[in-house]
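Where a number appears in this text, it was derived from the coordinates with a stated rule and is not lab data. All figures in this text were calculated on a predicted structure; none of them were measured in a lab. Neighbour counts are summed over all protein chains in view; Cβ atoms, including those assigned to glycine, are modelled from backbone coordinates with ideal geometry.
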């Protein structure tokens, strides 16, 4: 299916006890205070017109960083990435959690209407 | 010291045996083939005017993702981030390896002349 996608977010995942320090540090480090988002496990700030930095509170697991790909067609993008060697492992809200060939988690997220217009998003036939 | 900084790269670190698959996957995933760079442990591609995706071959350790901050003054940026709670753990080439409060590694890298001009880089007094 014709659609578009772009890497648009870096997500820092940390357990609850480290959340406040991590949100404060990355707000100071980037100069953009990370605000609470509608999904309460996330804090975030826009760093550039096409890059957002998020900190997510993890229920369990070690701290890590993951990539988010935004797309105007999650199903088509998941199918395309699966054919390239990724594996879908979960669906949360309107995004898919996948693992790349090295086992690293990343997410494929539904873009807001118009979000990818005028960006360097790649168009897939 | 007055200087500027911006999150400009996402770096995927993988052990050698997984390198080729990871470079191929992320090239296909983004639509930008990851080319070998002057430091031979790196492959990379520019995804947007201010975001590069790199895959680094690790000598050891588990796969992970880390953030690079580019700056026109590495020493000043390292000092600023240290004051915010990060720790410098190594110097490699012209960049510093640091850890954030959750222990996640990230790098502070010397920007090329003019690289940060006209970007959303934050200016620090």
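In the assembly of identical copies, residue A:35 has its label point, taken 7 Å from Cα in the direction of the beta carbon, separated from the corresponding points by 4.0 nm (ascending, one decimal). Cα centroids of the stretch A:77-125 and the stretch B:70-125: 29 Å apart. The simple Förster model, with R0 at 22 Å and r as the Cβ-Cβ distance, assigns residue A:89 and residue A:60 a FRET efficiency of 0.90. The mean sequence separation of alpha-carbon pairs under 8 Å and at least six residues apart, normalised by the residue count of the stretch B:1-105, gives a relative contact order of 31 percent. Distances between equivalent label points of residue A:88 across the copies, with each point positioned 7 Å along Cα→Cβ, amount to 4.7 nm, shortest listed first. With neighbour counts taken as other beta-carbon atoms within 10 Å, the residues A:119, B:50, B:82 rank, fewest first, as B:82, A:119, B:50. Nearest chain A C-beta to the A/B rotation axis, reported as residue and distance in angstrom, is A:65, 2. All Cα-Cα distances of the protein assembly as shown, cut into 10 Å bins from zero to the largest, leave 7, 32, 39, 20, 2, 0 percent in each bin in turn.
Seen against the Cα atoms of chain A and their longest principal axis, helix A:74-83 is set at about 80 degrees. Residue-normalised convex hull volume from the C-alpha trace of chain A: 110 Å³ per residue. For the stretch A:37-111, the spread of Cα coordinates along the three principal axes comes to 32, 29, 21 Å, biggest extent given first. For helix A:16-30, what angle does its Cα long axis make with the longest principal axis of chain A, in degrees from 0 to 90 and rounded to 10? Compared with the principal axis, the helix lies near 80 degrees. Using a 7 Å projection from Cα along Cα-to-Cβ, the label point at residue A:2 is separated from the same position in the remaining copies by 5.0 nm, smallest value first. Look at the alpha carbon pairs under 8 Å that are at least 6 residues apart: their mean separation over the length of the stretch B:60-104 gives a relative contact order of 27 percent.
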